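Everything below concerns the one structure shown next.
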Amino acid sequence: MINIGNLTIKEIESRAGVEFPPELKGYMEPRHQAEASKIKAGKWHCFDIPFTLVCGDMETATQIHNHLKGLAANFTRPLQISLQS
């Protein structure tokens with residue numbers, strides 16, 4: 001599988017059609033990993049194709065998911081959250 005992209009929080013929001021809560025943005029901003037390979041624990045990287053937010057550990061994925069699950073009905077495009085092990 002080929003993954004393409006390095007989306008920022010603002011680009012994820014635009015693509016998904018939702019605005020993330022300030023608490024989530026504050027959590028995610030210092031944890032963004034620009035390098036797409038070997039996502040480290042406590043970090044995340046979002047691909048444009050496929051539209052997938054990859055987390056380096058379960059804690060990061062769970063924190064992001066818990067903030068987003070209440071917004072799921074408002075998403076205009078599905079965002080997949082996955083783990084890189």
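Values for this structure:
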quantity: Candidate set: the range 68-85, residues that are free of Cβ contacts under 8 Å to residues at least 40 places away in the same chain and over 20 Å from V18 (Cα atoms); chosen: the one farthest from the chain's Cα centre (by Cα); calculated: S85
quantity: Condition met for Q84 (modelled with pLDDT of 95 or more and of a type in the set (S, T, N, Q)); calculated: no
quantity: Every residue from the range 40-67 that is of a type in the set (A, V, I, L, M), in a helix (DSSP H, G or I) and under 12 Å from the mean Cα position of the chain (by Cα); calculated: A61, I64
quantity: Criterion (touching a residue at least 24 places away in the same chain (Cβ under 8 Å), charged (D, E, K, R) and closer than 13 Å to I9 by Cα) met by exactly one of E29, E23; calculated: E23
quantity: Subset of the range 37-85 [out of contact with any Lys or Arg (no Cβ under 7 Å at 6 or more places or on another chain), polar (S, T, N, Q) and under 18 Å from K25 (Cα atoms)]; calculated: T52, T62, Q63, N66, N74, Q80
quantity: Lone unmet requirement of (1) surrounded by fewer than 20 Cβ atoms within 10 Å (Cβ to Cβ); (2) touching a strand residue (DSSP E or B) at 6+ places or on another chain (Cβ under 6 Å); (3) assigned to a loop (DSSP other than H, G, I, E, B) for S37; calculated: (2)
quantity: Pick from the range 1-18, criterion among the charged types (D, E, K, R) and surrounded by 14 or more Cβ atoms within 10 Å (Cβ to Cβ), ranking: farthest from H67 (Cα to Cα); calculated: R15
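The values are calculated or read from the model by the stated rules, or taken from the named source; none is laboratory data. The structure presented is a predicted model; accordingly, all values stated were derived computationally and were not measured. Cβ: placed from backbone, ideal geometry, glycine included. Neighbour counts: every protein chain shown.
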